[in-house]
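First the structure, in the form of structure tokens, and then the observations on it.
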Amino acid sequence: MARKSRVEIFRIIIAILLVCTAVGIASLTVGRDIYYGSRDQGLLSFAIVNASGYLFFLFMPVEVAFVYYLSGDISVLVLNAVAIGTALFSQSIDYAIGLIVSNRFIDNLIGRRRYEKAEANIEKYGNLTIFVFNALPLSSPVISLAAGMLRHNIRSTLICTVLGLLVKYTALTLIF
């Protein structure tokens, strides 16, 4: 059996820590709300889960949490505003990380192939990529990270992010 390289071991450790973090956040917020049946009181829980789910290094089912909280007593407009606001906040952080952090660190954290795929989409389709990835349940945080790494125009990135999020959360609200 071949020895694992330090990079592979680093990735495995990081992945385990991130999964534990995501499970912990979900358990302490939405899980607590489900257990105590306090969906109508859980706007803060939803905000934490949604903000965490839009960070590129945590993978959480934010759309499922949104649909779960739609059936509570929280105002639909407030829930949509919190969903869009927290997503925009987190994706701004993703963009900033892309500007600041080295490519090698990102390669070790999420893998070169995943980043290159996002980068190719942004270079080929530009703002349309950012809009589509935010409008659909795709990995929009990685797109925001790649946009930061490419030094894509911040204003157009944020505008396309907001428009895509508006489409997604409006559609989810109307469907559910």
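Values in this text are rule-based calculations from the coordinates and carry no lab data. Here the structure is a predicted model, which means the values were calculated and not measured. Cβ: placed from backbone, ideal geometry, glycine included. Neighbour counts: every protein chain shown.
Here the Karplus relation 6.51 cos²θ - 1.76 cosθ + 1.60, evaluated at θ = phi - 60°, turns the backbone of the stretch 90-99 into coupling constants of 5, 6, 5, 5, 4, 4, 5, 4, x, 5 Hz, with x for every Gly and Pro. Panel order for LEU88, LEU44, LEU18, by other beta carbons found within 10 Å of each beta carbon, from fewest to most: LEU44, LEU18, LEU88. Largest first, the extents of the alpha carbon coordinates of the chain on the three principal axes equal 51, 41, 25 Å.
Please report, in whole Å³, the volume per residue of the convex hull around the C-alpha atoms of the stretch 85-131. Before the final figure, lay out each step's value.
Values: hull volume 3.7 nm³, N = 47.
Roughly 78 Å³ of hull volume per residue.
About its Cα centre, the chain has a charge dipole of approximately 700 debye under the convention of +1 per Lys or Arg Cβ and -1 per Asp or Glu Cβ, with nothing else charged.
Applied to the stretch 131-140, the Karplus parametrisation 6.51 cos²θ - 1.76 cosθ + 1.60 on θ = phi - 60° returns per-residue 3J(HN,Hα) values of 4, 5, 5, 7, 6, 10, x, 10, 7, 5 Hz, with x for Gly and Pro. Think of the stretch 6-175 as having a plus end and a minus end, set by charges on the Cβ of Lys, Arg, Asp and Glu; of LEU77, VAL23, LEU58, LEU58 sits farthest toward the positive end of this dipole.
Going by average Cβ density within 10 Å per residue, which order do the peptides 114-124, 137-147 take, highest to lowest? Before the final figure, lay out the partial values.
Working: 114-124: 16.4, 137-147: 24.8.
Result, highest mean Cβ count within 10 Å first: 137-147, 114-124.
Farthest towards the positive end of the charge dipole of the stretch 6-175, among the residues TYR68, PHE131, HIS152, is the Cα of HIS152, using unit charges on the Cβ of Lys, Arg, Asp and Glu. Per-residue ellipticity at 222 nm computed for the chain from its helices equals -24500 deg cm²/dmol, with DSSP H segments shorter than 4 residues left out and the rest contributing -39,500 (n - 2.57).
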